[in-house]
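This report refers to the structure that appears directly beneath it.
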Amino acid sequence: MHDDHRPPRPRSLSTWTTRRWLRVGAALSLTVLAALGLTGAWVLQRTETISVDLVDTRSPALTSSFRLEAAMLNQETGIRGYGLTGNPEFLQPYQQGLADQATCTTRLTELLPDDPEALDDLARVETAIADWQEKIARPIAAQPQGTPSPQATGLVTDSKASFDALRTAMTAQQDRLRADRAEARDALTTTFDLRNLVFTAIAAVVALLTVLVFEGLRRGITRPLEQLGADTRRITKGEFEHAIALTGPADLRQLSADVDSMRRRLVHELAFTEEARMRLDTQAADLQRSNAELEQFAYVASHDLQEPLRKVSSFTQLLQRRYGGQLDARADQYIGFAVDGANRMQTLINDLLDFSRVGRVLNTTDEVNLEETLDRTLDALGIAIQEAGADITHDPLPALVADSTQMGMLFQNLIGNAVKFHHPGRPPHIHITAEREGPLWHFAVTDDGIGIAPEFADKVFVIFQRLHTKEAFSGSGIGLAMCRKIVEFHGGTIAVDPDHSDGTRIAFTLAARPPQDPRVTPLTGATRAGTEAEPHTP
């Protein structure tokens, strides 16, 4: 039987991920830097120790030894002068020398507590000093002042040998202190050289690690990512058949493979999308043609219906004039219904004809002064405004590049509705505002009428949608739908302001220039002539 439980083989470097490479590289770098840091810290500590010993111990000890020697020389000079002359002024250097001697010996004892050899030298110096002071200095200092004594003169003569022994002890002490200081200075120099070498090595290793890190990042991360980015940019430029190169660590190669898989999926999806787009373009063209035909049909139908409707209206009115009152009451009622229906149908067809003309026949843009447009609108609605007692105010209105006829229809419908739907027994107050924000002008027509319920705020802009019966308010239900079509044709929006509660506020926007829409084109001269010609009534 074959053994299927063989030990796993170690993973090759080709399977290492970016995270693993970074971990291993960081661990090695930190280890090397830690070792160099510890070495540098030891060198710095060693340098500081030797410097402190040299500055705080060796040099002050040698200086104190020199001061001790100077103090003894002052004592010897003062004793010699006093012994030869008896002048008490010579005792002053001697007394000062004693004080300096005590200070220097105390200082040396404090500086050299852990140096037995230096302490032995100091002990020999102190012994020699005590011997000289006992045999020479004190006896001479004890002689009476004023005149030299033969005994003092003899002691001065004998003091040379005793003081030379003191000099010998102090010279030996100073030689040892000089040697200790020179040894400490040499050790400091050696430590400085070692420190410089260590820090040079640290700098070289850091520089080498930096180069290795940057090179590793360039080869392991930057170059593969740049290659992936270059391949991706070629794909984004349209070269969808270009394959993604698999380079770098295992995870980056996996990323490249995933991107390439996505590219292949996109190629498949794009092919499907292109096919779907072609179908959609065909459907859009069919829909656009169908909409154009429907608009043309609505225009032609509403236009051509006027001739038979005019005949019906004319003959029903003639029937009413000739036979009104000659038939029974029910017949007169029927004739009235027919006349009223014909009149309302005439109004509906005229409104529908105007609605179908927006953006088709009425598509002549020019600079329009809305102040003048509003004045003409108010003149056209003069009778209704006078009968309702309406008070109409407005802000300064701008001049726009628009279709002047459509602007007049827009204001006429909005102001006419505001006048029509007012509270009974209360004159309406209507205010028109205009304010520019960026490329759009924001308008609002505000009244204090009966208002529009929030649930009908969108319904009122749908064609043939009425909120009241014809007995309550006349109209065809096309006015606000026409307003919406005019505003959208000029690149704006229109809506009922939901925050206004006392009456109705219709807010709409208009662009300073209407958008260029290739789908909205005016009828040709022949078509316009064919559709606008009024049918002849015999």
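Determine which single condition Glu307 fails, assuming it passes every other condition in (1) open to solvent by less than 80 Å² (accessible area, probe 1.4 Å); (2) of a type in the set (Asp, Glu); (3) at pLDDT 75 or above.
Unmet condition: (3).
Which residue pairs have Cβ atoms closer than 7 Å, lie 6 or more positions apart in sequence or on different chains, and pair a first residue in the stretch 261-287 that is within 21 Å of Arg234 (Cα to Cα) with a second residue that is of a type in the set (Val, Ile, Thr)?
That search, which allows pairs on different chains as well, returns Arg263/Ile235; Arg263/Ile244.
For the condition surrounded by 13 or more Cβ atoms within 10 Å (Cβ to Cβ), of a type outside the set (A, V, I, L, M) and at pLDDT 80 or above, what is the one hit in Thr106, Thr77?
From the options Thr106, Thr77, the qualifying one is Thr77.
Pick from the stretch 435-458 the residues that are open to solvent by 20 Å² or more (accessible area, probe 1.4 Å) and of a type in the set (A, V, I, L, M, F, W, C): which of them is nearest to Ile392 (Cα to Cα)?
Ranking the qualifying residues of the stretch 435-458, first place goes to Ile450.
Taking only pairs six or more apart or across chains, which ones have beta-carbon atoms under 7 Å, a first residue in the stretch 61-72 that is over 15 Å from Leu119 (Cα atoms) and touching a residue at least 24 places away in the same chain (Cβ under 8 Å), and a second residue that is surrounded by fewer than 22 Cβ atoms within 10 Å (Cβ to Cβ) and charged (D, E, K, R)?
Arg67/Asp100; Ala71/Asp100
Between residues in the stretch 387-404 that are touching a residue at least 60 places away in the same chain (Cβ under 8 Å) and residues that are part of a loop (DSSP other than H, G, I, E, B) and charged (D, E, K, R), which pairs lie under 9 Å by C-beta distance while being six or more apart or on different chains?
Final answer for the pair search is Leu400/Arg513; Val401/Arg513; Ala402/Arg513.
I need the full set of residues from the stretch 29-56 which are of a type in the set (S, T, N, Q) and without any contact (Cβ under 8 Å) to a residue 60 or more places away in the chain, in order please.
Result: Thr31, Gln45, Thr49.
Answer yes or no: is there a residue in the stretch 522-529 that is touching an Asp or Glu at 6+ places or on another chain (Cβ under 6 Å), over 20 Å from His423 (Cα atoms), assigned to a loop (DSSP other than H, G, I, E, B) and modelled with pLDDT under 75.
no
Does any residue of the stretch 187-198 turn out to be in contact with a Ser or Thr (Cβ under 9 Å, 6 or more places away or on another chain), under 25 Å from Asp121 (Cα atoms), surrounded by 15 or more Cβ atoms within 10 Å (Cβ to Cβ) and among the basic types (Lys, Arg)?
no
Given the structure, is Leu91 within 30 Å of Asp53 (Cα to Cα) and open to solvent by less than 80 Å² (accessible area, probe 1.4 Å)?
No, not satisfied.
Filter the stretch 248-275 down to the residues that are of a type in the set (Ser, Thr, Tyr), within 35 Å of the chain's Cα centre (by Cα) and open to solvent by 30 Å² or more (accessible area, probe 1.4 Å) and list them by number.
Ser261, the sole residue that qualifies.
Could you tell me whether any residue of the stretch 505-513 is in a loop (DSSP other than H, G, I, E, B), at pLDDT 50 or above, among the charged types (D, E, K, R) and open to solvent by 40 Å² or more (accessible area, probe 1.4 Å)?
yes
Considering the stretch 417-433 alone, what residues qualify as being open to solvent by less than 20 Å² (accessible area, probe 1.4 Å) and either under 21 Å from Phe489 (Cα atoms) or in contact (Cβ under 8 Å) with a residue 40 or more places away in the chain (or both)?
Ala418, Pro428, Ile430, Ile432
For the structure I just gave you, tell me whether Ala418 is assigned to a strand (DSSP E or B) and either hydroxyl-bearing (Ser, Thr, Tyr) or closer than 26 Å to Ala512 by Cβ (or both).
Against the criterion (assigned to a strand (DSSP E or B) and either hydroxyl-bearing (Ser, Thr, Tyr) or closer than 26 Å to Ala512 by Cβ (or both)), Ala418 does not qualify.
Of these, Leu54, Leu36, Leu44, Leu84, which one is assigned to a helix (DSSP H, G or I), touching a Lys or Arg at 6+ places or on another chain (Cβ under 8 Å), modelled with pLDDT under 85 and among the aliphatic types (A, V, I, L, M)?
Selected residue: Leu54, the only one of Leu54, Leu36, Leu44, Leu84 that is assigned to a helix (DSSP H, G or I), touching a Lys or Arg at 6+ places or on another chain (Cβ under 8 Å), modelled with pLDDT under 85 and among the aliphatic types (A, V, I, L, M).
Kindly evaluate Ile478 against the criterion of being surrounded by 17 or more Cβ atoms within 10 Å (Cβ to Cβ), in contact with a helix residue (DSSP H, G or I) (Cβ under 9 Å, 6 or more places away or on another chain) and at pLDDT 80 or above.
It is false that Ile478 is surrounded by 17 or more Cβ atoms within 10 Å (Cβ to Cβ), in contact with a helix residue (DSSP H, G or I) (Cβ under 9 Å, 6 or more places away or on another chain) and at pLDDT 80 or above.
Phe489 is checked against (1) surrounded by fewer than 19 Cβ atoms within 10 Å (Cβ to Cβ); (2) more than 25 Å from His429 (Cα to Cα); (3) at pLDDT below 85 and fails just one. What number does that condition carry?
It is condition (1) that Phe489 fails.
The values are calculated or read from the model by the stated rules, or taken from the named source; none is laboratory data. Computed from a prediction, not measured in an experiment: that's the story for all the values here. When we count neighbours, we look across all protein chains shown, and the Cβ atoms used for this are built from the backbone with ideal geometry, even at glycine. The area values use the complete protein model at the heavy-atom level, side chains included, leaving out ligands, DNA and RNA. Shrake-Rupley method; radii C 1.70, N 1.55, O 1.52, S 1.80 Å.
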